[in-house]
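A.B. asks: Submitted below is the structure of interest, expressed as structure tokens.
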Amino acid sequence: MRTLVIFERILKELSRDKRTLALVFIAPLMVLGLLYLILQSNTNLSAQLGTENVSPNLIKQLKKDNKIKLVTINNKKSISRNLKKYHLAALLKQEDQKLTVTYQNADTSLTAVVKENLVKSITKTQIKSIKSKINQSQQELTSVIKSLPTTEREAIESKLGSKKNANSLSLSEKYIYGNANSSLFTAIAPVLVGFFVFFFVFLISGVSLLHERTTGTLGRLLTSPVKRQEIIGGYVGAYGLLAILQTIVVVIYAIYILGINSRGSIWLIMLINLLLALVALSMGLLVSTLASSEFQMIQFIPILIVPQVFFSGMFNLSDMNSFWRIFAHIFPMYYGGDALIDVIKKGAGIENIGIDLLILAAFAIILISINIIGLRRYRRV
């Protein structure tokens, strides 16, 4: 009987807690829906392939594949510059019968698309070429077989065979970032570095401020002459220092211990992560002013943090519905992930990621301003 009373009390409490009900029933549907949209779009990825001096027969075969978009390259710029300029997944060059493909490999899913379709196209081109030569050989042999001795006929067959071998295509592969054996971790590591900094700073700063509010420390501060902006400034400064130290540790560990290959400046990687940490810090402080307990603080994670993973650059969004691609722009990790991928995988400089950095800085300024305004609700005097 007592168990039943406790059972009924808990159900009543849960029915009044709308956030918990939303966490249990709505949040999983939202996460699963986003996963479906993102992973479904990744099955129909298309990649841009640059071609330079490639034979018309192979070009014709490549055009038949709707997953490959060809870009003809006629300039004398370096391979790396052309890959960046035309946003190519790979660049294919031909000299005589030798093909060389250089993969950007910043997105291993696009590399896989190009590899699969390039090998298939080359194979089909080779088969057509061999069939053509066999037919030609048969016609030639048929026309002379009745009038030539056996020894001369064998000489003709040998000559035709040597022509076929001389005209066969060979393919060599090069990689700008990583190699042919790049793992899934190698592909997503640049984004993971930023995400873990973002997540832990958000969690620690939010829970800490919430604890001070529930224990009355924040209330006593707010009844003193201390200004709201001074309170927020103190929190941002203290946790900002912690975020700087965490960023340094995470970046050094990722690059020098785990061996993540970085083509860009380590100082730029530090700067991007510091801005992400500042955004996470101000976001955590803001959420802590909205939550009334640590449990409610955790409830914000599926809404504010989990979507950051999906739109951070770990998944290719190029073939996703345009609405969701626009929707991704409201998340700070979209810009942080984009900047980290450009620096670590593509060797981009500050001039290439300047817009991403400015947007992250704008996020931090706006969130800090909202925090200052939000503290007004807790001031008693």
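A.B. asks: Under 9 Å by Cβ, and 6 or more places apart or on different chains, what pairs join a residue from the range 241-265 that is farther than 20 Å from Phe198 by Cα and open to solvent by 70 Å² or more (accessible area, probe 1.4 Å) with one that is in a helix (DSSP H, G or I) and at pLDDT 85 or above?
C.D. replies: Asn261/Ile344; Arg263/Val343; Arg263/Ile344
A.B. asks: Let me ask you something else. Checking Ser318 against (1) modelled with pLDDT of 85 or more; (2) open to solvent by 50 Å² or more (accessible area, probe 1.4 Å); (3) of a type outside the set (A, V, I, L, M, F, W, C): exactly one of these is not met. Which one?
C.D. replies: (1)
A.B. asks: If you don't mind, another one. When you go through (1) surrounded by 20 or more Cβ atoms within 10 Å (Cβ to Cβ); (2) charged (D, E, K, R); (3) modelled with pLDDT of 85 or more one by one for Glu351, which number turns out not to apply?
C.D. replies: Checking Glu351 against (1) surrounded by 20 or more Cβ atoms within 10 Å (Cβ to Cβ); (2) charged (D, E, K, R); (3) modelled with pLDDT of 85 or more, the one that fails is (1).
A.B. asks: Please state which of the following conditions Ile365 fails to meet, knowing it meets all the rest: (1) part of a helix (DSSP H, G or I); (2) surrounded by fewer than 21 Cβ atoms within 10 Å (Cβ to Cβ); (3) modelled with pLDDT under 85; (4) over 16 Å from the mean Cα position of the chain (by Cα).
C.D. replies: For Ile365, the failing item is (3).
A.B. asks: Of all the residues that make up the range 87-101, how many are under 22 Å from the mean Cα position of the chain (by Cα) and surrounded by 18 or more Cβ atoms within 10 Å (Cβ to Cβ)? Lay out the reasoning, then the answer.
C.D. replies: Narrowing the range 87-101 to residues under 22 Å from the mean Cα position of the chain (by Cα): 87-91.
Now restrict to residues that are surrounded by 18 or more Cβ atoms within 10 Å (Cβ to Cβ): 88-91.
So the count comes out to 4.
A.B. asks: Kindly evaluate Ser162 against the criterion of being surrounded by 16 or more Cβ atoms within 10 Å (Cβ to Cβ), at pLDDT below 80 and over 34 Å from the mean Cα position of the chain (by Cα).
C.D. replies: Numbers: surrounded by 16 or more Cβ atoms within 10 Å (Cβ to Cβ): no; at pLDDT below 80: yes; over 34 Å from the mean Cα position of the chain (by Cα): yes.
Judged against the criteria, Ser162 is not a match.
A.B. asks: Can you tell me which residue in the range 326-348 is nearest to Ala254 (Cα to Cα), limited to those that are surrounded by fewer than 19 Cβ atoms within 10 Å (Cβ to Cβ) and β-branched (Val, Ile, Thr)?
C.D. replies: Ile330
A.B. asks: Just to verify a result, which residue in the range 179-195, among those that are open to solvent by less than 40 Å² (accessible area, probe 1.4 Å) and among the β-branched types (Val, Ile, Thr), is modelled with the lowest pLDDT? Write out each step before concluding.
C.D. replies: Going through the range 179-195, the residues open to solvent by less than 40 Å² (accessible area, probe 1.4 Å) turn out to be 182, 187-195.
Filter again for among the β-branched types (Val, Ile, Thr), leaving 188, 191, 193.
Values: Ile188: 80, Val191: 87, Val193: 84.
For the range 179-195, the residue satisfying everything is Ile188.
A.B. asks: Quickly run through the range 56-73 and pick out the residues that are modelled with pLDDT under 85 and in a loop (DSSP other than H, G, I, E, B).
C.D. replies: Across the range 56-73, the qualifying residues are Lys64, Asp65, Asn66, Lys67.
A.B. asks: So if I check each of Lys76, Lys67, Lys84, Lys115, which one is open to solvent by 50 Å² or more (accessible area, probe 1.4 Å) and closer than 15 Å to Glu52 by Cα? Full working, then the answer.
C.D. replies: Details: Lys67 fails: closer than 15 Å to Glu52 by Cα; Lys84 fails: closer than 15 Å to Glu52 by Cα; Lys115 fails: closer than 15 Å to Glu52 by Cα.
Sole residue among the options that is open to solvent by 50 Å² or more (accessible area, probe 1.4 Å) and closer than 15 Å to Glu52 by Cα: Lys76.
A.B. asks: Write out, first by first residue and then by second, each pair whose Cβ atoms fall under 6 Å of each other, whose residues are 6+ apart or on separate chains, and whose first residue, in the range 105-123, is closer than 14 Å to Asn66 by Cα while the second is open to solvent by less than 30 Å² (accessible area, probe 1.4 Å) and assigned to a helix (DSSP H, G or I).
C.D. replies: Ser121/Gln61; Ser121/Leu62
A.B. asks: Looking only at the range 284-292, decide whether some residue is out of contact with any Cys (no Cβ under 6 Å at 6 or more places or on another chain), part of a loop (DSSP other than H, G, I, E, B) and open to solvent by less than 50 Å² (accessible area, probe 1.4 Å). Outline the logic, then answer.
C.D. replies: Keep residues of the range 284-292 that are out of contact with any Cys (no Cβ under 6 Å at 6 or more places or on another chain), which gives 284-292.
From the residues that got through so far, the ones that are part of a loop (DSSP other than H, G, I, E, B) too are 291-292.
Then keep just the ones that are open to solvent by less than 50 Å² (accessible area, probe 1.4 Å); that gives 291.
Checked the range 284-292: at least one residue is out of contact with any Cys (no Cβ under 6 Å at 6 or more places or on another chain), part of a loop (DSSP other than H, G, I, E, B) and open to solvent by less than 50 Å² (accessible area, probe 1.4 Å).
A.B. asks: Need the failing condition index for Phe323 against (1) of a type in the set (Phe, Trp, Tyr); (2) open to solvent by less than 40 Å² (accessible area, probe 1.4 Å); (3) more than 24 Å from Val113 (Cα to Cα), just the number.
C.D. replies: (2)
A.B. asks: Could you tell me whether the range 294-312 includes any residue that is within 23 Å of Leu45 (Cα to Cα), part of a loop (DSSP other than H, G, I, E, B) and open to solvent by less than 10 Å² (accessible area, probe 1.4 Å)?
C.D. replies: yes
The values are calculated or read from the model by the stated rules, or taken from the named source; none is laboratory data. Since we're looking at a predicted model, the values are computed, not measured. So basically every Cβ, Gly included, is an ideal-geometry build from the backbone, and we count neighbours across all protein chains shown. For accessibility, only protein heavy atoms count, side chains too; no ligands or nucleic acids. Shrake-Rupley method; radii C 1.70, N 1.55, O 1.52, S 1.80 Å.
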